[in-house]
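One structure below.
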Amino acid sequence: MTEDDRASQALRFVAPAIVALVVIGLWQALTSAFEVPTYIVPSPSVVAQTLVADRELLLRSLGVTLGIAFAALAIAVVAGTLAALLFVQSRWIEMSLFPYAVLLQVTPIVAIAPLIIIWVKDARTALVLCAVVVAIFPIISNTTLGLRSVDPGLLDLFRMARATRWQTLVRLRVPSALPYFFGGLRIASGLALIGAVVAEFVAGTGGSGAGLAYQILLAGFQLNIPRLFAALVLIAVTGVALFGLTVCLSRLALSRWHESELAVRE
């Protein structure tokens, strides 16, 4: 790796960090200069103090929300991948069933979440299902596209070698689809977190099993705006961390052989 490449890699981290510091600095300066009340917009220092003071409550709620998001993401990955594998077997199957996957994507989760919560007796299961509905479409669409996007020359070679449908799927289509799958996974990870938070908002579940969405609602009712901002910061940081985790998984899986990751390493 050349010096220019190292500088480019460092810039990817330094540039966003500089922007964040500038924004936080301006936020702190403006709230201090205009003496903005904390019940309207708290300063970053007040939000940081609230994060420390309420860390036990917020982290416990974050654990609940993360549990729902991870469960939904796991189900979305399994179900979405199986659906994509089914679609690639036949154009007729794909044309018959794919529109229903699109229907799930375009239907607002806030419209169907109350129905799911009413139909499913267990509250946690209902929240997971709501998050699955939000997160599953990128897995289905990207994986299906990847399974279809194989090199025609390699496909003809497999046919000339009289490879079975299973051999073609495992040795050609699945490796070709992995970059697309991980692209969908990056999107689905964030959508699973969003789905979990939205489902918690709709359900309004409280008590010891309350997630961050409930803490946001409660903080809003109590005009505890610093806690509300602290919960929002935790959600944002968690979303970035989930995206970073999926990027790392993609690099671990593809860095040895796929050009998309090889180009990053060189």
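Dipole of the range 3-101 computed with +1 at Lys/Arg Cβ and -1 at Asp/Glu Cβ about the Cα centre; of Gly63, Val78, Val46, farthest Cα towards the positive end is Val78. Helices in the chain, meaning DSSP H runs of at least 4 residues, each add -39500 (n - 2.57). Divided by all residues, the mean residue ellipticity at 222 nm is -27500 deg cm²/dmol. Ranking Tyr214, Tyr180 from most to least accessible surface, computed with a 1.4 Å probe over the protein chains only, gives Tyr180, Tyr214.
I need the calculated FRET efficiency for the pair Tyr39 and Tyr100, taking r as the beta carbon distance and R₀ as 41 Å, to the nearest 0.05. After rounding to 0.05, the efficiency reads 0.35. Between the listed residues Gly190, Val19, Pro114, the Cα displaced farthest toward the positive end of the dipole of the chain, a dipole computed from Cβ unit charges relative to the Cα centre, is found at Pro114.
Computed about its Cα centre, the charge dipole of the range 61-175 is approximately 320 debye, with only Lys, Arg, Asp and Glu carrying charge at their Cβ.
Computed with every protein chain present, the accessible area of Val102 is close to 50 Å² [probe 1.4 Å]. Largest accessible area first, the residues Met95, Met160 order themselves as Met160, Met95 under a 1.4 Å probe with ligands, DNA and RNA left out. Each Lys and Arg Cβ is given +1 and each Asp and Glu Cβ -1; about its Cα centre, the chain then shows a dipole of about 800 debye.
By the gyration tensor of its Cα atoms, with a ≥ b ≥ c the square roots of the eigenvalues, what is the shape of the chain: rounded for a/c under 1.5, prolate for a/b over b/c, or oblate? Oblate, because a/c is 1.5 or more while a/b does not exceed b/c.
Projecting label points 7 angstrom from Cα along Cα→Cβ for Leu169 and Trp92 puts them 1.7 nm apart.
Each Lys and Arg adds +1 at its Cβ and each Asp and Glu adds -1 at its Cβ; summed about the Cα centre, the range 108-189 shows a dipole of about 220 debye.
Summarised in one figure, the compactness ratio Rg/Rh of the range 61-116, Cα atoms and Kirkwood Rh, is 1.09. A straight line joining the Cα centroids of the range 122-171 and the range 1-72 runs 36 Å.
For the chain, what does the relative contact order come out to in percent, with C-alpha contacts under 8 Å and a separation of six or more?
Relative contact order for the chain comes out at 25 percent.
Length gained on full extension, Gln28 to Val110: 26.1 nm, using 0.36 nm per residue less the C-alpha separation. Figure note: Cys248, Cys130 ranked by solvent-accessible area, largest first, 1.4 Å probe, ligands and nucleic acids not counted: Cys248, Cys130.
Each of Phe158, Asn142, Cys130 was scored by the projection of its Cα onto the charge dipole of the range 122-195, and the greatest displacement toward the positive side belongs to Phe158; charges sit on the C-beta of Lys, Arg, Asp and Glu.
The values are calculated or read from the model by the stated rules, or taken from the named source; none is laboratory data. Quick caveat, the model's predicted, so the values are computed rather than measured. Here Cβ is always computed from backbone atoms with ideal geometry, including for glycine, and neighbour counts include all displayed protein chains. Surface accessibility is based on the protein's heavy atoms, side chains included, excluding ligands, DNA and RNA. Shrake-Rupley method; radii C 1.70, N 1.55, O 1.52, S 1.80 Å.
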